[in-house]
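Bear in mind these aren't lab numbers, they're just calculated from the coordinates by the rules spelled out. All values derive from a computational prediction rather than experimental measurement. Using ideal geometry, Cβ is built from the backbone for each residue, glycine included, and neighbour counts are taken over all protein chains shown.
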Amino acid sequence: MNTSRPMHPDFQILLDFKGRELIDLFTDLRTYILYLYPESNELVYHTHALTTVFSISDKLSDAFCMLPIYTNHLNLGFNKGTLLKDPHRLLTGTGNLIRHIDIKKTSDYRNPEVKTLIEEAIDFAIKDMAKPTKSKGKTISKINP
């Protein structure tokens, strides 16, 4: 699995401050998500966490998952996680919509249960989108210089 999409320079500068293990884990998970849905737009943010959000449009509201990177850990977040089927009870969190999976090693996401969850989140986002998008396969920085 390989993605030819480069990391946005605004994001890469901040990512380089993280530990090597966290960077490698993030990079592999990002590659995996782009493999599962190469048309996704990637919105990059730096707020309380360094975050890349995968969306079916250029809007945050159309996002299907996100990868927030904190100081020492990484999550695979689902923007509408409470609306997804989760028969294996993988998702945690207490918010109204967002749920996540703690990521510590590749086996936390490279498995059939998480793949199914990501694919369900993509399908849900496509069906839930208000209007079609013209933007596909782009990386868009929301990081203020």
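In terms of other Cβ atoms within 10 Å, 5, 99 run from fewest to most in the order 5, 99. Its relative contact order, with pairs defined as Cα atoms under 8 Å and 6+ residues apart, puts segment 9-127 at 20 percent.
The Kirkwood hydrodynamic radius of segment 20-145, based on inverse pair distances between different Cα atoms, is 14.6 Å. For the chain, the mean residue ellipticity at 222 nm estimated from helices alone is -9000 deg cm²/dmol, where every DSSP H run of n ≥ 4 contributes -39500 (n - 2.57) and the total is divided by all residues, rounded to the nearest 500. The count of lysine pairs in segment 9-127 whose Cα atoms are under 17 Å apart, excluding pairs fewer than 8 places apart on the same chain, comes to 10. Straightening the chain between residue 129 and residue 47 buys 27.0 nm, computed as 0.36 nm per residue apart minus the Cα-Cα spacing. Summing +1 for each Lys or Arg and -1 for each Asp or Glu among the other residues whose beta-carbon sits under 13 angstrom from that of residue 88 gives 0.
Distance from the Cα centroid of segment 1-47 to that of segment 69-102 is 18 Å (rounded to whole angstrom). Taking packing as the residue-averaged number of other Cβ atoms within 10 angstrom, the listed peptides 109-116, 91-98, 49-56 run from highest to lowest as 49-56, 109-116, 91-98.
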